Every structure is written in structure tokens, then in C-alpha cells.
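The values are calculated or read from the model by the stated rules, or taken from the named source; none is laboratory data. Since the structure is predicted, the reported quantities are computational estimates derived from the model, not experimental observations. Because the Cβ atoms are built from the backbone with ideal geometry, glycine has one as well, and the counts that use them run over all protein chains shown. Just so you know, the surface numbers come from the protein's heavy atoms only, side chains and all, with ligands and any DNA or RNA stripped out. Shrake-Rupley method; radii C 1.70, N 1.55, O 1.52, S 1.80 Å.
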Amino acid sequence: MSLRHHSPQDRRTALQADDILGFTPALPEPVADGMIENVIGTFELPLGVVPDFPVNGKTYNVPMAVEEPSVVAAAAHMGKIARAHGGFRAETTDPLMRAQVQILGLTAPGAARDVIMAAREELIAAANACDPVLVSLGGGCRDVEVHLFQVSPAGPMVVAHLIVDVRDAMGANTVNTMAERLAPRFEALTGGTVRLRILSNLADLRLARASVILPGDAFDPGVTRAIAEACALAIVDPYRAATHNKGIMNGIDPLVIATGNDWRAIESGAHAYAARSGRYVGLTTWEAGEDGVLTGQIELPMALGLVGGATGTHPQAQAALKLMGISSAADLAKVAAAVGLAQNLAALRALASEGIQKGHMALHARNIAILAGAHGADVDRVAKGLALSGAVTVEKAKELLGA
Ligand code: MEV
């Protein structure tokens, strides 16, 4: 379904989303006032949609809350190409989060580690006693790990990890509560002093993976190889990897925000995972086969929730999930990974051929037209004039507006 040349109202109607998205205010002040402190208003972003985005044989209308022009168009374009060739495949691991318990003041850190591991079953049971509801839903503490640091600025330390299946929650509150409740037991077992009790955003046991295979004729001749060559720079050079990954997050963050999830957690997890080998690298790989077939893959932590937090309280986050028809955090994570891969492909395709400025400036021209004072039909007229003139400036827009 092409939504491009329609009004926002017509798009909502086409998506049969009038009732779920056509309400104002999107975030009522009393709800906002209950979400954070010292509320003085609300801050809005454009909410776009990528229609019919294909993942695992289904199509999703993907909501994106984002200020940057060309992000939605790029994802929609790559979604369309992928749809013609079998779409994206995606999977997730179990939703396992880590909570860290830092133990200091140990004279024999190795012995402390052994004593914690010997009490593993007891600790798992104590963690699970903190959250019977989670356990009844099939989640709960699965394991205990111990990480030993013989040398640190604070002396030797033992860090116990509680590995917790958090089901459909993001899980921060769940695992933080477990870590805090178990702290006295860790002190009693080791004779040390517990300092930090907090989740790790390096959610390396809660991964989402997506892949796509596109035939040689999906792009102009030579572009497939150029995409693989562009990707190679992100494998060897952190300066490029940072920008490569920013482009991936251009796709993921807007969906994370639209669904009321914690985008700072997703960002920190992604970048820490990109550096897990000790060298910061790109989160995707793109390979061009002899026959021109392009294969792309992404793997990254994806700690997304459907219950709790802003996802539960923000009316538009609820509407966004309804629009997608999503009913599990795992499915949301799969779509997020696939959108990240699509966004990266769009950026590499443009960078490896005509460059991004042409398309970007054509879309940015609408912003400039509005800045120059254009309203209604004038926005498109002035934007088109700006794109044709090649000078996307407010001065030029004012001149065109007066014409
Ligand atoms: C711009 O927001 C994102 C890109 O720089 C990503 C990339 O270079 O891969 C285009």
C-alpha cells in the first residue's frame, strides 16, 4: 500500500487506524504528569508508518516516531524490495536479562566465587520468591554467574549475575528488585560488602537476529558489490562503524520510541554489543555472492517490553502496538531488528551509489519550506521548487513562496 501522496487523515483511514491513532491530545497532561517529575507540558514528534513491512511471512505496519526526514521513506523502500523477494527472516533468543551484584571488601575473592556457586540453587529460589507472577507466566531466575575481577580501582571484586527470564517485560524493575532483595544473602555468604545492585544494559543473552537474501536484479548492476564493500569499512574501522550503527539505530529507535520503550537502554546495549570483541564494529554484515545475490544479517541485544513502563501508560504506545498487531515482546524485537537491517541497507545502497544528499535534501526541502513560512499546498510547491533549483535554503524558499 502506498501512502505517500495522502494526508495524515487519509493515511489513518487507509490503515483503518482512525480509532487508535486519530485522537488528540496524544498524551493527556494528567498521564504525562504521572509519568515523570516536574511536568510542564508534552513534547511531540512526527509519527510515521512503514506499511506492509515483511517479517517471517507476515506484514506489519511499523510505527516510527522520528524527527529526521528520509528515515521512514528509506525503510518503506527497502521493505518493498524485500517483500518482493521473500521478506526478512528474524528470530530471538529467550528474553534473558542480567542483574549485577557487586561485592567488595573480600580477602579471598576466589573463595567467595565458589561459595556463591555452591549456593546457586538457593539463590535462584530466593530470586524467584520475589516475583511469583513472573514465575507463573513461565519466567523467572534461570541461573547465577560469577565474574571475578582481581584488580580494579576499588580492589578485587566479585560480581554475581542473576540471569532472569523476564517474558514480555523489558525487565529492569524485575531484575533490580531481585538483586536488591538478594544483596544481604550475598553479603552473608561471602563476608563482603554489596555495593551496586542493578541490571546490565549489555543484554547479550537477549538477542534479536534478522536476515534477508536479495537476488542480483534487486538493485542496479554493481550496487550489490558496492554495498558489500561499503559494509567492509564498518568491519575494520570504528570511525565508520559508529556511523554505520547510527544508521541502523535510525530504524530501530523510532519504533522503540513509538512503542513507549526505553531507547537509551536499546542504544547502550547495541553499542556495547558492537564492542564486545574489544574492537567496535558494525552490527550488520552484507555479502555479495558471485551471482550478485546480496545476503544481509544483523544481531544485537533487544530488551523490549510490552508490559510495564511507558508502554503500558502512554496511549499512543498502546495504539502503536495495536496498529502493528503485535502481541509478544519477541515479535516486536524481531520487527525491530529487521527494520534496523532495512535502514542500514537503504543507507549503504544510497552511499554506495548516488550518495544520500540528493534524496535527503529533497525530503528536507519540506522542512525548509515550512521554516520559510509555507502552509498547506504551498509546502509541496515550494519544496519541489527548492529541489529543482538545487539550493535548499530558507532564502530561496522565501523567494519561491513570494512567487
Ligand atoms: C544518517 O542519519 C545516517 C547515515 O549516515 C548512516 C550511514 O552512513 O550508514 C546515512
ask   = Of the residues that make up region 342-353, is at least one open to solvent by less than 20 Å² (accessible area, probe 1.4 Å), assigned to a loop (DSSP other than H, G, I, E, B) and farther than 28 Å from residue 263 by Cβ?
value = no
ask   = So how many residues does region 274-296 have that are open to solvent by 50 Å² or more (accessible area, probe 1.4 Å) and at pLDDT below 95?
value = 2
request  = Mind listing just one residue for me: the one in region 239-266 that is open to solvent by 20 Å² or more (accessible area, probe 1.4 Å) and within 14 Å of the ligand (Cβ to nearest atom) and, of those, nearest to the chain's Cα centre (by Cα)?
outcome  = 253
note = Those residues of region 267-286 which are in a helix (DSSP H, G or I), within 15 Å of the ligand (Cβ to nearest atom) and among the hydrophobic types (A, V, I, L, M, F, W, C) amount to 270, 274
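Residue by residue, here is whether (1) among the hydrophobic types (A, V, I, L, M, F, W, C); (2) within 21 Å of residue 252 (Cα to Cα) holds:
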site: 56; (1), (2): no, yes
site: 59; (1), (2): no, yes
site: 78; (1), (2): yes, yes
site: 110; (1), (2): no, no
site: 118; (1), (2): yes, no
ask   = Using beta carbons and a limit of 8 Å, which pairs, at least six apart or on different chains, have the first residue in region 392-403 and over 14 Å from residue 366 (Cα atoms) and the second one open to solvent by less than 50 Å² (accessible area, probe 1.4 Å) and modelled with pLDDT of 90 or more?
value = 403/385
Answer residue from region 164-215, given it is among the polar types (S, T, N, Q) and part of a strand (DSSP E or B) and is nearest to residue 154 (Cα to Cα) among those = 193
message = Which residue is farthest from the ligand (Cβ to nearest atom), if the candidates are limited to region 227-238 and must be in contact with a helix residue (DSSP H, G or I) (Cβ under 8 Å, 6 or more places away or on another chain), open to solvent by 20 Å² or more (accessible area, probe 1.4 Å) and closer than 17 Å to residue 349 by Cβ?
response = 229
note = Considering residues that are surrounded by fewer than 19 Cβ atoms within 10 Å (Cβ to Cβ), more than 13 Å from the ligand (Cβ to nearest atom) and in contact (Cβ under 8 Å) with a residue 60 or more places away in the chain, the number found within region 62-80 is 1
ask   = Would you pick out the residues in region 16-40 that are touching a residue at least 40 places away in the same chain (Cβ under 8 Å) and either part of a loop (DSSP other than H, G, I, E, B) or surrounded by 12 or more Cβ atoms within 10 Å (Cβ to Cβ) (or both)?
value = 17, 20, 21, 23, 26, 27, 28, 31, 35
query = List pairs: first in region 340-363 and within 8 Å of the ligand (Cβ to nearest atom), second assigned to a loop (DSSP other than H, G, I, E, B) and open to solvent by 40 Å² or more (accessible area, probe 1.4 Å), Cβ under 8 Å, 6+ apart or cross-chain?
reply = 347/356; 350/356
ask   = In this structure, does residue 50 turn out to be in contact (Cβ under 8 Å) with a residue 40 or more places away in the chain and surrounded by 20 or more Cβ atoms within 10 Å (Cβ to Cβ)?
value = yes
inquiry  = I'm told residue 374 meets every condition in (1) part of a helix (DSSP H, G or I); (2) surrounded by 18 or more Cβ atoms within 10 Å (Cβ to Cβ); (3) not charged (D, E, K, R) except one. Can you identify the failing condition by its number?
reply    = (1)
query = Do the conditions hold for residue 378, that is, is it more than 16 Å from the ligand (Cβ to nearest atom), acidic (Asp, Glu) and within 23 Å of residue 65 (Cα to Cα)?
reply = no
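Here's the yes/no breakdown for (1) farther than 23 Å from residue 196 by Cα; (2) hydroxyl-bearing (Ser, Thr, Tyr):
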residue	(1), (2)
74	yes, no
77	yes, no
88	yes, no
92	yes, yes
100	no, no
114	no, no
124	no, no
131	no, no
139	yes, no
ask   = Is it the case that region 178-187 has a residue that's within 16 Å of the ligand (Cβ to nearest atom) and without any contact (Cβ under 8 Å) to a residue 12 or more places away in the chain?
value = no
task = Please list, ordered by first then second residue, the pairs with beta carbon atoms under 8 Å, 6 or more apart or interchain, first in region 231-260 and free of Cβ contacts under 8 Å to residues at least 60 places away in the same chain, second basic (Lys, Arg).
result = 233/240; 234/240; 238/279
inquiry  = Residues to consider are 301, 315; find the one that is touching a strand residue (DSSP E or B) at 6+ places or on another chain (Cβ under 8 Å), closer than 23 Å to residue 252 by Cβ and more than 16 Å from the ligand (Cβ to nearest atom).
reply    = 301
